[in-house]
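Below is one structure, written out as structure tokens; the observations come after it.
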Amino acid sequence: MPEKISIFYFEDILESIEKIRRYLGNASYDEFLENEMLIDAVVRNLEIIRFLILKVVAYPFSFISQVFFALSRFAGHKKLTE
């Protein structure tokens, strides 16, 4: 089992999710499909999320839940509660 999980993985996942939300804004599905740069930006951030999740899956789920709880409660991450 890996030595310890980095809280930065979770912060980076949240950052990528926020970027995707920002990039998409109010774009419709058709607008999304017509904008190659938007597609590339969203796909890139999905790749980042996938990479980071694969780093985290080796940890027990209960530990991951505790980290998310700590982030939302003590670090003031609004992103977790939106």
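Quick one: is residue 53 assigned to a helix (DSSP H, G or I), modelled with pLDDT of 90 or more and surrounded by 10 or more Cβ atoms within 10 Å (Cβ to Cβ)? So residue 53 does not fit the description; no.
Residues in the stretch 18-32 that are among the small types (Gly, Ala, Ser) and either surrounded by fewer than 10 Cβ atoms within 10 Å (Cβ to Cβ) or part of a helix (DSSP H, G or I) (or both): 25, 28.
The values are calculated or read from the model by the stated rules, or taken from the named source; none is laboratory data. As the structure is a prediction and not an experimental result, all values here were calculated from the model. We place every Cβ from the backbone using ideal geometry, glycine too, and count neighbours over all the protein chains shown.
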